[in-house]
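The values are calculated or read from the model by the stated rules, or taken from the named source; none is laboratory data. Please read these numbers as outputs of a predicted model, since none were measured by experiment. Here Cβ is always computed from backbone atoms with ideal geometry, including for glycine, and neighbour counts include all displayed protein chains.
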Amino acid sequence: MIQCGPKVVRRAAELLAAGELVALPTETVYGLGADATNADAVAKIYAAKGRPSNNPLIVHIADIPSAEKICQNFPAKAYALVERFWPGPLTLVLPRRLQGDGVVCERAVAGGKTVAVRCPGHPMALDIIRAVGRPIAAPSANRSGHTSPTSPAHVASEFDGIVELIVDGGECLVGLESTVLDLSGSTPAILRPGAITGEMLAPILELDPLQLSVNEMSRASHLAGEALKSPGLLWRHYAPKTRAFRYEASQVPAIRTWLPEKANVAIAQLAMLHSSVLPRTRERFNMPTEPMLYAREFYRTLRLADECGCDCLFIELPAAQTGLWAAILDRLGRATEPWSPEAKL
Ligand code: AMP
Ligand code: MG
């Protein structure tokens, strides 16, 4: 049930403390939360999402001392980063504390030696975490592999009746999952790009942004089916149910001749850049050319495309590739297939 209002924080905290699942608003996407110290509670997340048990969860805390309690140590560069970017969409992967009061359970970290930790930039999430007084494991509140939720209604469409409480904190302001920065290895690496970009992180780490860029080794090992660093790196992820193609504006004439006679098309075009249209367009989404606004609308657009019942969705590729566009292109690349004249509808 979706709830907002003054009593919802306490109700959410009670449920979480009792080992139940609660869907929480964050600034990135909605999370499916459980007490990260309680293995039975965390098991419910994996069951509800249909998430593979080798895919670890991000653990949410409300302040730096709480992060220190679950990590083995907190290096100087981690302090420099979190003082600048927390609360906010930056997740740090660090060696985890294995024993002691309040450490996260093995299941939350998929049996690994590291923990991914983040302080979310949403006041209701922070109030709830503080009220529980324990770290909260929370992956995105969607079925594994599907589009992430950026509103309470998105969560309800998949989890109504399964999760007792969906806390209404409005639409997510960022709209893309957090940046995941691995500080557990010999060199820092961005495992998942997000709104805290490589360009923003690099000066603090005294590195070049290129040295931080997404770790292809992690992707490769994942594809080979080995234990992986960051399963959000799965190639096919975040996908709508509708067949979704990405395309470049220059391909429009070729797509026009390729489109089957009876196909109903949805198209997500970058607004104002050009007026070229595809035939048989039933639904047209004008996407913002400003990356912060684009990111905020991206997942909602995928869900709207599913609702309109079109045969396929065409998403125009933005030309820019740096900054926040890198994170958008990462999600776009996993949610869609490249259009080619050989594609079959
Ligand atoms: P989500 O399931 O949408 O919350 O995404 C969480 C992301 O953080 C996934 O890509 C996870 O693989 C990644 N992650 C969580 N814990 C770890 C960890 N200990 N090491 C590396 N990546 C992690
Ligand atoms: Mg997710």
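Of the numbered criteria (1) under 16 Å from V42 (Cα atoms); (2) in contact with a Pro (Cβ under 9 Å, 6 or more places away or on another chain); (3) within 16 Å of ligand 1 (Cβ to nearest atom), the one T147 fails is (1). Close Cβ contacts (under 7 Å, 6 or more residues apart or on different chains) running from residues in region 25-40 that are closer than 17 Å to R51 by Cβ and surrounded by fewer than 24 Cβ atoms within 10 Å (Cβ to Cβ) to residues that are at pLDDT 95 or above and basic (K, R) comprise A39/R107. With the condition kept exactly as written, say whether any residue in region 29-48 is in contact with a helix residue (DSSP H, G or I) (Cβ under 6 Å, 6 or more places away or on another chain), closer than 24 Å to S184 by Cα and in a helix (DSSP H, G or I). Yes, there is a match, as at least one residue in region 29-48 is in contact with a helix residue (DSSP H, G or I) (Cβ under 6 Å, 6 or more places away or on another chain), closer than 24 Å to S184 by Cα and in a helix (DSSP H, G or I).
Of all residues in region 106-144, those that are within 13 Å of ligand 1 (Cβ to nearest atom) and either part of a loop (DSSP other than H, G, I, E, B) or of a type in the set (S, T, N, Q) (or both) total 14.
No other residue among V103, V82 is away from ligand 1 (no atom under 13 Å from the Cβ), in contact (Cβ under 8 Å) with a residue 12 or more places away in the chain and part of a helix (DSSP H, G or I) apart from V82.
Among the residues of region 1-24, those identified as touching a residue at least 60 places away in the same chain (Cβ under 8 Å) and either among the acidic types (D, E) or within 16 Å of ligand 1 (Cβ to nearest atom) (or both) are E20, L21, V22, A23, L24.
Here is a yes/no grid of residues against (1) more than 16 Å from ligand 2 (Cβ to nearest atom); (2) modelled with pLDDT under 90; (3) closer than 27 Å to L302 by Cα; (4) assigned to a loop (DSSP other than H, G, I, E, B):
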position: V180; (1), (2), (3), (4): no, no, yes, no
position: S186; (1), (2), (3), (4): yes, yes, no, yes
position: G194; (1), (2), (3), (4): no, no, yes, yes
position: A202; (1), (2), (3), (4): yes, no, no, no
position: L207; (1), (2), (3), (4): yes, no, no, yes
position: L210; (1), (2), (3), (4): yes, yes, no, no
position: S221; (1), (2), (3), (4): yes, yes, no, no
position: A227; (1), (2), (3), (4): yes, yes, no, yes
position: S250; (1), (2), (3), (4): yes, yes, yes, no
